[in-house]
1. Where in region 84-123 are there GluC sites (Glu not before Pro) that are in a DSSP coil and have at most 16 other Cβ atoms within 10 angstrom of their Cβ?
2. Residue farthest toward the positive end of the dipole of the chain, with Cβ of Lys/Arg at +1 and Asp/Glu at -1: which of 95, 8, 56?
3. May I ask you to list the trypsin sites (Lys or Arg not before Pro) in region 1-33 that are in a DSSP loop and have at most 10 other Cβ atoms within 10 Å of their Cβ?
4. Taking the chain as the region of interest, what is the percent of Cα-Cα pairs per 5 angstrom bin, listed from the shortest bin to the one with the maximum distance?
5. To the nearest 20 debye, what charge dipole does region 18-98 have about its Cα centre, counting +1 at the Cβ of each Lys and Arg and -1 at the Cβ of each Asp and Glu?
6. Starting at the first residue of region 17-33, write each ³J(HN,Hα) from the Karplus equation 6.51 cos²θ - 1.76 cosθ + 1.60 with θ = phi - 60°, in whole Hz, x for Gly and Pro.
7. Could you list the residues of region 53-75 with an amide nitrogen less than 17 Å from a label point located 7 Å from the Cα of residue 5 in the Cα-to-C-beta direction?
8. Given contacts defined as C-alpha pairs under 8 Å and at least six residues apart, what's the relative contact order of the chain, whole-number percent?
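No lab work stands behind these numbers, since they all come straight from the coordinates. Since we're looking at a predicted model, the values are computed, not measured. A quick note on method: Cβ atoms are made from the backbone with ideal geometry, for glycine too, and the neighbour counts reach across all protein chains shown.
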Amino acid sequence: AVCEEIGLKWSQAKSLFEARMLSFNPGASKLLTEKQAKELRFLGVLMATFSSVESLKKIVSSLERPYAYSTSDIYYSWHRHEWLELPQPLTVDNVRELIETLADSEEGEELVKLRKLITDALSRSQSEIQQTHTASPPKKGSQRILFP
């Protein structure tokens, strides 16, 4: 089912195992574990693109085995010739984690810079909120669009 999903021929999946790239024999079981499916999906998509086991070996040589990676987590930088993590979406939890990491690594100077950026942003935000509340009301029939 995974092979059909990604457009990989069964013979290509077997060649990945024979080349010792897959950590499991895809023909040994009808059902794959989640980790095996992830590994086959990752290598299979690459195999469908490169179509040569040797080219594929070159591309994944810097990754750790088994190759149970997701293309939604990492990407290959053709310019730098290496795999990189995709940037994480900016969330409060990610910012909190960054602050804790900086605090743990004794990067006090970076924390001070971050505090200044946050303070400046809060000041701008407060100023915009005050301007919104003191602005004249919209004319009848018109709409006011506020941007955060």
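1. 106, 107
2. In the chain, that residue is 8.
3. Taking region 1-33 and a limit of 10 other Cβ atoms within 10 Å, the loop trypsin sites (Lys or Arg not before Pro) found are 20, 30.
4. That works out to 2, 7, 12, 13, 9, 8, 8, 7, 8, 8, 7, 5, 3, 2, 0, in percent per bin.
5. Its charge dipole is roughly 260 debye.
6. 5, 4, 7, 6, 8, 7, 7, 9, 8, x, x, 7, 8, 6, 10, 9, 6
7. The answer is 67-74, whose backbone nitrogens lie closer than 17 Å to the label point.
8. RCO, the chain: 15 percent.
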